[in-house]
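To start, the structure itself, in structure tokens.
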Amino acid sequence: MVLVSPSPTTLSHTATIRSGLIKVRNYCNLFETRGKERRIAVKIGVIGIQGAVDEHVKALKSCLAERGERGEVVIIKHHGIVSTCDAIVIPGGESTTIGRLIEREGIADELREAAEAGIPILGTCAGMILLAKEGDEAVKRTGQLLLGLMDVRVKRNAFGRQRESFEAPLKLSIFDEPFPGVFIRAPCITHVAAGVDVLARLGAEDRIVAARQGNIIALAFHPELTTDRRIHHYFIAQC
Ligand code: GLN
């Protein structure tokens, strides 16, 4: 089995293999057929410390099946698994709790390394908060963990108590038809740096509720709680 250097167009977490199957830097299972890379299986990890974990697992599995793709979806509770995955989801829940536990388990640093290596990461709701570089005053005061993977500032519980949970159709720049946004004590993004694409805004105040920076996607809402799988398909297509 001969390992050849990745071509300049190859993503940093992949590599080209002359024959057979090998795990490259633990990140991707690839297979070369006459000079063309082809993925033979994808492994998607869902951070499973707390929150809407199973719903993401279900959504991802059904998308893989619909796409006819071989792959697996694993729940990550401990150190040592992130680096074996081709994509990672950080679900909604309580960002303070998830942050504390991913740090304690040594997962936080692994996520930073994966982001650096170009692994697609999707953060939903609390997951979006964790992806941010900066938080609002309350976040600063409590000193809760932020992974700092995206050049955005977030505000927790941005939609107020009276509207803690609501649904709203969203115009996402990546889709033609509106997406059913499920918002549960949702955050929003209050500032984006250059290099961050805003994917959706909401309400009269045009709050930013979806954004992407390279391999990192942040959503203030819960796509896993609808039957609309377009976002999960979009995410899997990034692997
Ligand atoms: N309000 C929660 C937080 O600040 C996020 C809620 C959610 O993930 N649905 O962490």
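Every read-out reported here was derived from the displayed coordinates using simple, explicitly stated rules and does not represent laboratory data. Computed from a predicted structure; not experimentally measured. Please note: Cβ atoms are built from the backbone with ideal geometry, for glycine as well, and neighbour counts cover all protein chains shown.
Among the conditions (1) more than 25 Å from Val139 (Cβ to Cβ); (2) surrounded by fewer than 20 Cβ atoms within 10 Å (Cβ to Cβ), Leu101 misses just one, which is (1). Consider region 147-177 and keep the residues that are part of a strand (DSSP E or B) and within 18 Å of the chain's Cα centre (by Cα). The one that is nearest to Thr97 (Cα to Cα) is Val154. Return the total of residues in region 164-184 being touching a residue at least 60 places away in the same chain (Cβ under 8 Å) and more than 12 Å from the ligand (Cβ to nearest atom). Of the residues in region 164-184, 1 are touching a residue at least 60 places away in the same chain (Cβ under 8 Å) and more than 12 Å from the ligand (Cβ to nearest atom).
Looking across region 46-99, the residues that are acidic (Asp, Glu) and not in a loop (DSSP other than H, G, I, E, B) come down to Asp54, Glu55, Glu66, Glu72. Considering region 135-165, and only residues there that are polar (S, T, N, Q) and touching a strand residue (DSSP E or B) at 6+ places or on another chain (Cβ under 8 Å), the residue that is nearest to Gln213 (Cα to Cα) turns out to be Gln144. Scan region 199-239 for residues that are over 18 Å from Leu131 (Cβ atoms) and hydroxyl-bearing (Ser, Thr, Tyr) and jot them down. Thr226, Thr227, listed by residue number.
Of all the criteria given as (1) assigned to a helix (DSSP H, G or I); (2) more than 14 Å from the ligand (Cβ to nearest atom), the one not satisfied by Ile102 is (2).
Can you say whether Arg201 is in a strand (DSSP E or B), surrounded by fewer than 22 Cβ atoms within 10 Å (Cβ to Cβ) and more than 16 Å from the ligand (Cβ to nearest atom), as far as the supplied structure shows? So Arg201 fits the description; yes.
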